[in-house]
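Participant: If you scroll down you'll find the structure; I have some questions about it.
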Amino acid sequence: MSSDLNPFSDFNAFMNNTSKRNASSRAAKPLRPASTRKPGQAIRVLIADDHTVVREALHSFLDSEPGISVVGEAENGRMALEMVLSMRPDVLLMDIGMPRLNGLEAARQIRHAVPATRILMLSAFSSDLHIRQAVEADADGYLLKDSSGEVLTNGIREVAAGKKFFSVAISRRMKMLFQEQPYHRGLEEKKAMRLTARENEVLQLIAEGGANKQIASELGISIKTVEKHRQNLMEKLHIHETAGLTRYAISSGIVDSSIQAAEIV
């Protein structure tokens, strides 16, 4: 593969060194299991995007590619998590800005629950915050939605083979971020790192307009537990009204500012 299709190939050594430098400050991660896909078998891909037209276009395109088979579509991060748990795809091709559970939090939970599934983010977002969070969520790749079909299919094949794959724009920005400011985070990112997975879920649903009863039903917990999470969020983030939580969720990349209040059923 030419370097313009995978400029990240020259960046692997740098990221490995970065990981070693930070290993002493966090628990060692277990080794990722190898793929159980047999030689000659198609790469099983699950698509997660909240826009129907995007999912359908990706499904049609990828199904026409030799050696790739789309096994399902998810319209939000929570559905993606449930489908990965049941289907165990080789690759999850996932957007970031999705309702109910965003792609970054879904990636964190999927990485813990089904580490064999490779995660390739496909997003319109290219901010430093989203890039850092994707790396910290241990995504296997990150492509922008203006990437060509050739780059997309190469990305799927590379991550399915256990490699990393980032688009040109993303890999260049990553080099700058980690060389100029190695793991330097602003106040918002430090706050985000203190939140638990459940708190991130509750925060997203609050920001999307969910009432306590709706959030409790969505997450399968009691209203009193939701109220406790809301209280913990306000204390941790030093925010004392729902509007402030919503602004924080948008600024920290937990929700997409273009997503309207979700209808939680």
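Here, each number is a calculation from the coordinates, and none is a lab measurement. Worth saying up front: this structure is predicted, and the values here are computed from it rather than measured. A quick note on method: Cβ atoms are made from the backbone with ideal geometry, for glycine too, and the neighbour counts reach across all protein chains shown.
Participant: Rounded to the nearest 0.05, what FRET efficiency do Ser86 and Gln41 have when you use their Cβ-Cβ distance and R0 = 25 Å?
Facilitator: 0.85
Participant: Follow-up. For Asp138 and His51, calculate 0.36 nm times their separation in residues minus their Cα-Cα distance, and state this gained length in nm to one decimal. Working shown, then result.
Facilitator: On the way: separation 87, 0.36 × 87 = 31.32 nm, distance 2.43 nm.
That works out to 28.9 nm of additional length.
Participant: On to the next question. May I ask you to sort Met176, Met87, Met79 by Cβ crowding, counting other Cβ atoms within 10 Å and putting the fewest first?
Facilitator: By the 10 Å Cβ count, ascending: Met176, Met87, Met79.
Participant: Can you give me the distance in nm between label points at Arg198 and Ser147, each placed 7 Å from the Cα along the Cα-to-Cβ direction?
Facilitator: With each label point 7 Å from Cα toward Cβ, the separation is 3.5 nm.
Participant: Obtain the nm distance between the two label points defined at Glu241 and Ala113 by a simple spin-label model: each point lies 7 Å from its Cα along the Cα-to-C-beta direction.
Facilitator: Distance between label points: 3.6 nm.
Participant: Does region 187-251 come out rounded, prolate or oblate, given a ≥ b ≥ c as the square roots of the eigenvalues of its C-alpha gyration tensor, rounded meaning a/c under 1.5 and, failing that, prolate meaning a/b above b/c?
Facilitator: In terms of gyration-tensor shape, prolate.
Participant: With a 10 Å radius around each residue's Cβ, average the other Cβ atoms per peptide and rank 245-254, 165-174, 142-151, 103-112, highest first.
Facilitator: The densest-packed peptide leads the list: 103-112, 165-174, 245-254, 142-151.
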